[in-house]
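The values are calculated or read from the model by the stated rules, or taken from the named source; none is laboratory data. Predicted, not measured: the structure shown is a model, and the values here were computed from it. For neighbour counting, all protein chains shown are included, and Cβ atoms are generated from backbone atoms with ideal geometry for every residue, glycine included. With ligands, DNA and RNA removed, areas are computed over all heavy atoms of the protein, side chains included. Shrake-Rupley method; radii C 1.70, N 1.55, O 1.52, S 1.80 Å.
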Amino acid sequence: MAYISGQSVYISAGSRDGLLVGDTVQVWHADSSIARLQVAYLSSHQASCTIITSVLTPTVGDSVRFTPHAGSSPEPGAAAIPPGATAASGGGGTTWENASRLRGRVALRYLAVQQQDGSSASYSQPALDIRLDGQNLGGSSLGLVADVRSRRTAVANVDGSGTSDGQARVYQAVVFAGRPGARSRIAVGRQYSPAMATISLFDGLLLELNRSRWSTGAFAGSEPGAVNLEFDFSQKEYGGYFQLHQRPATPRLWSLTMGLIASYDHSHVDREFAFLQATLAAEHWGFYLAQEIDYYGQTKMTAGETSSISPTSSYGSLYLRPTTSIDLNAGFDNRRNVRYYRDVVTPVTQFDDAFRQGGFGGIGIRLGAAARAGFDVRVSRGGFAGAANAYTGSLALFHFSPLRLFLSARSTRYTGDRAEGWLHSAVLGIPLTAALRAELNGGLRQETTLLGFSGPSGNDLRWGGFDLEWAIGNAWFLSGSLTREQGDAQNDTQIYGGLSYRF
């Protein structure tokens, strides 16, 4: 995954790597298939995609897998697939790996927001991102992954005062001996556990053994700070897992993982729990299940817990592909809220992130080679948005008209305890050249607030914007956007720009 911007997910693979517009690719986080994307726009080594189904939200750094079309193959040295991933999905296909070398990406970004209400209030944020990936360095078994994102934020308030601060967040910084999947592996630093997705990020030591049908591992470390991801050694964490999985080169990918994790805050028990994860990814169907079971000691029982054993944080998702033109998905989610990383926040992403816990289901229908329609329902019972129901219809058109345009539109009706209303949005992609693409986007949110001291009130928002994306050769990528938002609660202009170099 290269980056996520608004409603689009970008991957580092394109037409010269075997992709066509309308193709689907799988997104993998560690050893689990978490999402399916549909290619909306292509350059030679970049693709802009939309999410068809997902069991977890894709994040920067996840892998993608796909089956290249006949007659096409990756160029030597092309970084189409991140280390450890393959080009094939489901029933097979071409497989390749990155060479023994250090790869990476350096990106400069700038975000500015200017209030348009007559005040001088503004917000600006220059940023620098660095990501490094290396394995078998110098012909050895050593490798590393580093993902550091720094930013400087300056805020000008309405009263003329101002504040500024700088932050550098480390999302990964790990050195390892043995690549993921090796018979034995040791990794030291800030890292994601490949089999224990429930703990997400930790700073410490991980030991693993992998065999053809099973894997096991143990870790010890500390949790990063909850807000700024700073190194915080007061929150200790320990755990282990045992996993059963398919044999190498088996078309149907599956795994069953069980484990125990305990965390302690200044030597006091913070949390002790067991977890179970199961995943299956086949060509026509698959699922992902995750369940945590907490153990409450005497201290928490005294504080009011009614049972020492309590199932918590459940998640399940199922997808079916009865034909090549129909996708079905359903699931439930009562996990705790988590941080999402996005390069740019839009009214659509803010709306979708607000409705998290509950149940969901949907259908996607491919209409020939150039269109896709979808409908989904989400019942939310958690998060700050409160209880709510949402019904969404969507339509995407690929390469229509002689200009080979891309059009994506969605409409959502939502009702809940706190508010009800409509959300409409649309995106029109215009390929100017093989490497240069323009995009127009806009939308409308009409909302009535139901809970308030003075009774129901309105909260409408309108926005429109322009994006430009330019793939310069195989290494450089330039993007920029201008968005104008106007409504009852806000009136501002947002400017975003980014330049990245991949090596």
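Values computed for the structure shown
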read-out: A434-W476 pseudo-label distance in nm [points 7 Å out on the Cα-to-Cβ vector]; value: 1.8 nm
read-out: Distance between modelled label sites at S161 and L405, nm, 7 Å Cα→Cβ extension; value: 4.9 nm
read-out: Cα-based equivalent ellipsoid, the stretch 181-334: semi-axes from gyration tensor eigenvalues, Å; value: 30, 21, 14
read-out: Protein accessible area in the stretch 361-503, 1.4 Å probe - carbon and sulfur %; value: 64 percent
read-out: Heavy atoms of T392 accessible to a 1.4 Å probe, total area in Å² rounded to 10; value: 20 Å²
read-out: ³J(HN,Hα), Karplus 6.51/-1.76/1.60, whole Hz, each residue of the stretch 131-144, x for Gly, Pro; value: 10, 10, 9, x, 8, 6, 5, x, x, 9, 8, 7, x, 8
read-out: Among 296-303, 308-315, 436-443, the order from most to least packed when residues are scored by Cβ within 10 Å on average; value: 436-443, 308-315, 296-303
read-out: Rounded Å value of the spacing that divides the Cα centres of the stretch 359-419 and the stretch 212-276; value: 34 Å
read-out: Spin-label pair Q486/Q246, simplified geometry with 7 Å Cα→Cβ offset, distance in nm; value: 5.3 nm
